[in-house]
1. What strands (runs of 3 or more DSSP E) lie completely within segment 494-588 and have 3 or more residues being under 26 Å from residue 434 (Cβ atoms)?
2. Any residue that is in contact (Cβ under 8 Å) with a residue 60 or more places away in the chain, part of a loop (DSSP other than H, G, I, E, B) and not basic (Lys, Arg) - is there at least one of those in segment 373-385?
3. How about segment 37-70: which of its residues are buried (at least 21 other Cβ atoms within 10 Å of the Cβ) and either over 26 Å from the mean Cα position of the chain (by Cα) or without any contact (Cβ under 8 Å) to a residue 40 or more places away in the chain (or both)?
4. When the residues of segment 457-480 are filtered to those that are assigned to a strand (DSSP E or B) and at pLDDT 90 or above, which remaining residue is surrounded by the fewest Cβ atoms within 10 Å (Cβ to Cβ)?
5. Looking only at residues in segment 287-307 that are open to solvent by 40 Å² or more (accessible area, probe 1.4 Å) and free of Cβ contacts under 8 Å to residues at least 60 places away in the same chain, which one is farthest from residue 115 (Cα to Cα)?
6. Could you please let me know if residue 133 is closer than 24 Å to residue 77 by Cβ and not in a loop (DSSP other than H, G, I, E, B)?
7. Residue 546 passes all but one of (1) buried (at least 19 other Cβ atoms within 10 Å of the Cβ); (2) modelled with pLDDT under 95; (3) closer than 30 Å to residue 459 by Cα; (4) within 28 Å of the chain's Cα centre (by Cα); which number fails?
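The values are calculated or read from the model by the stated rules, or taken from the named source; none is laboratory data. For clarity, every value in this text was computed on a predicted model and none was experimentally measured. Don't worry about glycine lacking a Cβ; one is built from the backbone with ideal geometry, like all the others, and counts go over all protein chains shown. Each accessible area value is taken on the protein alone, full model and side chains, heavy atoms only, with ligands, DNA and RNA left out. Shrake-Rupley method; radii C 1.70, N 1.55, O 1.52, S 1.80 Å.
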Amino acid sequence: MVDIGSSENSKVQTYRVAIVGMGPKGLYALERLLAQVNHKCIKDPIEVHIFNSNESFGSGNVYDKNQPHYLIMNYASSNINAWIEEIPKPVVEHPLSFTQWLTENQVDKKFNIPLDFAPRAIVGDYLSSVFQQLVNNSPDTITWYFHTDIVADITKIEGKFQIKKQSSPDEESQRFNSIILTTGHLGAGADFSSKQNTSSFINFIYPTKTKLGSVGSGNIVIRGFGLTCIDTILELTEGRSGTFTSNSSGQLDYVPSGNEPKCIYVTSRSGLPMLPRNSSNKEISSLYYFTEENIEAAPEFSFIDLFLPLIKKEFYFQYYKTLFGIKNRELKFDKNFDVIAAQVTEFHSEFPEEEKYSWDKFTDPFLNQKSISNKQIIEYLKFLVSEAKKGLHESPTMAAAGTWRKISPIFNKYYSFGGMDADSQKLFDTHYFGLFNRLAYGPPIRNTQKLIALGEKGLVDFSGVRNAKITKNEENSYDLVLEQNTTSHKSNNSEKINTDKIKVDAVINAIIPRGIDMRPDLLFNNLITKGLLRSFKNKNNGHYESNGIDINKSGNAINANGSVENNLSLYGTPTEGVTLDNDTLSRTRNNFASIWAQNLIQDIQNKNKKQSLNNKSNVYKG
């Protein structure tokens with residue numbers, strides 16, 4: 001624990017605040033707190049206690065500054081800004097966005113790497129610098145305490161909260177007036193400890209250098225085909241001194257170091273890769289069917305009956321709007337969707353060579369195939385790279401995929417706090433969340449190009465990406481059982497070749513946990529067990545229990561009795577399932593930080609008023 005300054009005040013009680021988790025969400029909460037203290041000219045002493053599992057204050061585990069630079073963002077650098085355009089203004093006089101910070105610190109000259117999608121470590125440097133700026137420019141009334149520890153439990157005593165740390169569970173802390181939980185992936189069960197894994201099953205890959213350090217030279221299987229899968233593959237190849245080189249056409253070739261595993265097999269539930277993105281700021285400008293006007297006109301908020309049909313119409317319209325533009329035609333909007341379909345029919349009569357859009361085929365280009373060949377996946381990845389390079393205004397495919405990014409903020413409004421019926425939320429959480437995530441929030445083009453290069457080199461094999469099974473054998477190691485077939489990704493027909501059983505030395509789980517970690521003796525399980533928190537249940541025309549913590553619309557916890565805990569708030573990942581898509585650097589998405597800071601200042605002011613009245617009462621009695 002580090003103590004900076006002193007908060008001793010004999011006349012006014014100290015107000016104690018705890019921020020549990022100092023990754024980006026904790027940083028955003030801190031920034032708004034200091035802005036409010038400064039704006040409201042709060043003169044009372046305030047202790048700010050920051051709890052973080054390591055010393056990466058500001059960056060947290062995900063953006064740890066020590067991770068290798070080949071682990072890069074899937075969020076363009078131009079979108080990253082730790083500051084929010086909101087009153088009150090920040091305590092820092094000249095706050096810099098990420099791109100401004102890159103320029104001022106001449107980062108491009110220090111590292112000979114592309115920065116349109118920056119390494120996560122460099123983003124961590126930026127976030128850490130913001131944290132230090134906040135500490136350095138904080139009001140004089142603030143006293144800082146930094147705790148490098150994990151919070152294991154919180155107890156409510158006489159209206160205040162007492163914290164127990166994992167390293168010293170018997171030590172009684174001071175009592176806190178206000179706590180905000182911004183635990184991020186750690187609170188969802190992610191194990192960021194730096195212990196090297198010695199098991200043949202690796203459940204979590206970060207930090208990659210230590211968690212994957214024991215992976216040997218045999219066959220490896222990765223479960224999951226998302227961003228974490230790509231990080232795993234790059235750690236086992238580029239992270240072992242392999243190099244990628246570019247040819248004149250911009251394609252990548254991989255030069256092995258000899259330290260890689262023999263072969264890395266990829267398996268997943270859908271069997272489909274995430275769609276890559278370029279770094280352009282250009283997005284879908286307008287929505288035509290998925291609008292609040294159309295949603296509000298519906299009698300009930302059903303995903304199947306209302307939201308999904310509107311989403312499908314919007315994807316269809318954006319796809320053809322772009323395709324029409326490429327052919328110097330104009331798709332004219334009409335509220336009657338039959339008019340749109342008629343225009344499309346006429347278009348295909350004029351341009352019969354253009355492939356017709358199909359929702360089913362768009363969301364699964366290998367529809368009705370039980371398995372997908374390695375060649376098919378590589379061919380499909382090449383197609384996606386070529387489309388991503390065009391951008392969504394020149395590629396109908398990318399226009400349709402990018403539509404979800406435009407829809408998502410509106411959908412979040414109706415998803416949050418059980419806005420849809422229970423069955424609708426369950427369906428979205430279990431199926432469509434993953435689908436839209438795959439379509440809209442994929443890796444940078446360069447990372448997909450790396451997958452292609454590794455696949456063509458034979459170091460990565462996608463033949464088990466769908467319908468493969470991982471089984472434990474008599475030797476207590478693993479076998480990968482897969483079926484292979486060959487066809488183009490454009491074809492519905494598959495030709496079965498054989499069934500293979502491949503011995504593998506390690507199985508790596510590349511699926512990031514969502515929701516809250518309910519293992520015994522950990523924070524959220526303890527708080528739910530004692531009734532200070534409760535899990536969120538959607539009781540709207542049914543019953544569905546999501547893996548999130550129940551909160552009100554200000555982000556305050558709701559306890560087991562249904563009462564609001566006004567001085568215990570949650571922000572970010574712990575609210576997933578009550579709100580949507582919190583795994584983002586956005587300052588505005590589900591922004592409970594601003595509300596928390598406002599309410600905290602109001603609480604201080606109310607206590608001062610109460611104290612003033614008590615003082616006057618005592619004088620009168622005297």
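1. Working: elements: 495-504, 506-509, 535-538, 544-549, 556-558, 564-570.
It comes to 506-509, 535-538, 544-549.
2. In the first step, residues of segment 373-385 are kept if they are in contact (Cβ under 8 Å) with a residue 60 or more places away in the chain; the result is 373-385.
Then keep just the ones that are part of a loop (DSSP other than H, G, I, E, B); that gives 373.
Adding the requirement that they be not basic (Lys, Arg) leaves 373.
Yes, there is a match, as at least one residue in segment 373-385 is in contact (Cβ under 8 Å) with a residue 60 or more places away in the chain, part of a loop (DSSP other than H, G, I, E, B) and not basic (Lys, Arg).
3. Matches in segment 37-70: 37, 46, 48.
4. Here is the first cut: in segment 457-480, the residues assigned to a strand (DSSP E or B) are 460-461, 469-472, 478-480.
From what's left, at pLDDT 90 or above: 460-461, 469-471, 478-480.
On the way: 460: 28, 461: 21, 469: 12, 470: 17, 471: 9, 478: 20, 479: 18, 480: 23.
The selected residue is 471.
5. First, pick out the residues of segment 287-307 that are open to solvent by 40 Å² or more (accessible area, probe 1.4 Å): 288, 292-294, 296-297, 299-301, 304-305.
From the residues that got through so far, the ones that are free of Cβ contacts under 8 Å to residues at least 60 places away in the same chain too are 288, 293-294, 296-297, 299, 305.
Values: 288: 34, 293: 40, 294: 40, 296: 42, 297: 44, 299: 47, 305: 43 Å.
For segment 287-307, the residue satisfying everything is 299.
6. Working: closer than 24 Å to residue 77 by Cβ: yes; not in a loop (DSSP other than H, G, I, E, B): yes.
Yes.
7. (3)
Condition check ((1) of a type outside the set (S, T, N, Q); (2) over 27 Å from residue 437 (Cβ atoms)) across all residues:
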| position | (1), (2) |
| --- | --- |
| 187 | yes, no |
| 193 | no, no |
| 200 | no, yes |
| 203 | no, no |
| 206 | yes, no |
| 217 | no, yes |
| 224 | yes, no |
| 233 | yes, no |
| 237 | no, no |
